[in-house]
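Before we start, here is the structure in question, set down as structure tokens.
The values are calculated or read from the model by the stated rules, or taken from the named source; none is laboratory data. Model, not experiment: these values are computed from the prediction. Cβ sites come from the backbone with ideal geometry, for glycine too, and all protein chains shown count toward neighbours.
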Amino acid sequence: MSQSEARIALNEFAAKISEEHLGPLWDNLGHMITLKPKHEVIPYLWKWQTIRNYLLEAGPLLALGRESERRVIYLQNPSLLKDGKIGYSTNTLYVGVQLLLPGEVAPSHRHSQAAIRFIIEGDGGAYTTVDGEKTYMERGDLVLTPPWTWHDHGHEGTEPVFWMDGLDVGLVKTLTGSFFEPYHENKYPLSGPPDGSVARYASGVRAISERKRKGYPSPLINYKWSNIKQALEGLERLDPDPYDGYAVDYINPTTGGSADARIGTTMQRLTPGMHTKAHRHVHSAVYHVLEGSGYTVIEGQKFEWEQGDFFVVPPWLWHEHVNTGTGTVHLFSVNDRPVMEILGLEQEEELRDNNGQQEVARTFEPARLSK
Ligand code: 1HN
């Protein structure tokens, strides 16, 4: 049999066995096992003013209650909308921005997804309760609601409050582990004084009453911005990370691991003029610009950002950050690095060419969907 006759026979063979839902690996190994990470997550950027204005527009339209649960606008990665990937910013991470108005209550519920909140704007009067601990949310704070903890939000202040929500929606959906339960009342009963966990854990030391507590989840639920800022000031006396500047991971004070076991949380400080080197890694990330202005180059494309903006760094794409302003830049991000680490999948590579920095080939422009 000639080679071409054999190929024809193999194609017929493949068609024949497919009728019984069987497949030949020799034709499809490259689909299953790619040489490097292959995905459809595109880098993208959303402007803060756009999201903020739309949320304020939704404010009077949407009453909070059991029908709506939350007033949130999520960041949809444009290339992932198909296949039911609604609300995917990356294949693992969901990010949205939530608005709570004075006097409102977002009713208590729990779910198997992990959630983090990063406070963007407000007067400090809004709070979350996590399994009965109430914590007030101020700009720059990171608040955890670990998987399957009861949480509701309320607002005792006078100004609208906006925060970023990060959940591992795609990860949990892929792993078919999603559960949700509403609480039978709007507010979960409080136990103990507000911010008990901050009092017991927030300074790198812990109250001796906590000696017996071990492991998961983090007993600290609010990582106050004032503490994180102080940590970054301390780091400035050391050498910055070549790819991320002065940067910290939020950690669980009882384990030293990621604050949330599945969603990684990081804060980076870039001093004026700082231009990091490019690297790429398996984990994906969604960034929020807490303050400052600059740009991030992702695979040769320039993403210009200013305070409040959000952008996606997909898996295994080269990226580097630049502070172009006169002030300090603070970049907060959520990522799936803890999961990649646990599964032994994380890899990182530094760009060697061109002194470790990319050529900028084009600048990102948001694309509007035509109706
Ligand atoms: C959720 O429970 C909250 O509790 C926010 O504020 C966003 C997105 C998807 C699923 C559950 C919240 C969410 C969410």
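Only one of LEU56, LEU62 is in a helix (DSSP H, G or I), modelled with pLDDT of 95 or more and under 32 Å from the mean Cα position of the chain (by Cα). Can you tell me which?
On the way: LEU62 fails: in a helix (DSSP H, G or I).
Unique residue meeting the criteria: LEU56.
Does the range 36-46 contain at least one residue that is assigned to a helix (DSSP H, G or I), away from the ligand (no atom under 16 Å from the Cβ) and either farther than 29 Å from TYR183 by Cβ or charged (D, E, K, R) (or both)?
First, the residues of the range 36-46 that are assigned to a helix (DSSP H, G or I): none.
Within the range 36-46, not a single residue is assigned to a helix (DSSP H, G or I), away from the ligand (no atom under 16 Å from the Cβ) and either farther than 29 Å from TYR183 by Cβ or charged (D, E, K, R) (or both).
Quick check on my filter: what residues within the range 154-195 are touching a residue at least 60 places away in the same chain (Cβ under 8 Å) and assigned to a strand (DSSP E or B)?
Listed by number, the residues that qualify are VAL161, PHE162, TRP163, MET164, ASP165, GLY166, LEU167, PHE180, GLU181, PRO182.
Something else: Any residue in the range 31-39 that is at pLDDT 95 or above, of a type in the set (D, E, K, R) and within 28 Å of GLU349 (Cβ to Cβ)?
Yes, the conditions are met somewhere in the range 31-39.
Oh, and also: Tally the residues that are assigned to a loop (DSSP other than H, G, I, E, B) and either surrounded by fewer than 21 Cβ atoms within 10 Å (Cβ to Cβ) or more than 19 Å from the chain's Cα centre (by Cα) (or both), restricting the search to the range 102-146. Let's see the steps before the verdict.
So the first thing to find is which residues in the range 102-146 are assigned to a loop (DSSP other than H, G, I, E, B), and the list is 102-104, 112-114, 122-125, 131-132, 137-141, 146.
Restricting the remaining residues to those that are either surrounded by fewer than 21 Cβ atoms within 10 Å (Cβ to Cβ) or more than 19 Å from the chain's Cα centre (by Cα) (or both) gives 102-104, 112, 122-125, 131-132, 138-140.
Count: 13.
Go through the range 71-100 and report how many residues are part of a loop (DSSP other than H, G, I, E, B), touching a residue at least 60 places away in the same chain (Cβ under 8 Å) and not aliphatic (A, V, I, L, M).
To start, the set of residues in the range 71-100 that are part of a loop (DSSP other than H, G, I, E, B) comprises 71, 75-77, 81, 85-93.
Right, trim to touching a residue at least 60 places away in the same chain (Cβ under 8 Å) and you get 75, 77, 85, 87-93.
Adding the requirement that they be not aliphatic (A, V, I, L, M) leaves 77, 85, 87-92.
Of the residues in that region, 8 qualify.
Can I ask one more? I'm checking my understanding of the structure. Among residues of the range 209-238 that are of a type in the set (Lys, Arg) and out of contact with any Ser or Thr (no Cβ under 8 Å at 6 or more places or on another chain), which one is surrounded by the fewest Cβ atoms within 10 Å (Cβ to Cβ)?
Looking at the filtered set, the residue picked out is LYS212.
Here is a list: ASP241, ASP195. Which entry is in contact with a Ser or Thr (Cβ under 9 Å, 6 or more places away or on another chain), crowded, with 16+ Cβ neighbours inside 10 Å and of a type outside the set (A, V, I, L, M)?
None of the other options fit; the residue is ASP195.
Among the residues of the range 105-119, is there at least one that is near the ligand (Cβ under 10 Å from one of its atoms), in contact with a helix residue (DSSP H, G or I) (Cβ under 6 Å, 6 or more places away or on another chain) and closer than 22 Å to SER218 by Cβ?
Yes: the range 105-119 contains one or more residues that are near the ligand (Cβ under 10 Å from one of its atoms), in contact with a helix residue (DSSP H, G or I) (Cβ under 6 Å, 6 or more places away or on another chain) and closer than 22 Å to SER218 by Cβ.
Looking only at the range 268-305, which residues are in a loop (DSSP other than H, G, I, E, B), charged (D, E, K, R) and more than 14 Å from GLY245 (Cβ to Cβ)? Write out each step before concluding.
First, the residues of the range 268-305 that are in a loop (DSSP other than H, G, I, E, B): 271-274, 276-278, 282-284, 292-293, 299-300.
From what is left, the residues that are charged (D, E, K, R) are 277, 299.
The one that is in a loop (DSSP other than H, G, I, E, B), charged (D, E, K, R) and more than 14 Å from GLY245 (Cβ to Cβ): GLU299.
Answer yes or no as to whether LEU80 is within 16 Å of the ligand (Cβ to nearest atom), surrounded by 18 or more Cβ atoms within 10 Å (Cβ to Cβ) and more than 20 Å from the chain's Cα centre (by Cα).
So LEU80 does not fit the description; no.
For (1) within 15 Å of the ligand (Cβ to nearest atom); (2) under 25 Å from PRO102 (Cβ atoms); (3) at pLDDT 95 or above, each residue gets a yes or a no:
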{"residue": "THR135", "(1), (2), (3)": "yes, yes, yes"}
{"residue": "LEU142", "(1), (2), (3)": "yes, yes, yes"}
{"residue": "MET164", "(1), (2), (3)": "yes, yes, yes"}
{"residue": "GLU181", "(1), (2), (3)": "yes, no, yes"}
{"residue": "ASN186", "(1), (2), (3)": "yes, yes, yes"}
{"residue": "ALA202", "(1), (2), (3)": "no, no, no"}
{"residue": "GLY215", "(1), (2), (3)": "no, no, no"}
{"residue": "GLU233", "(1), (2), (3)": "no, no, yes"}
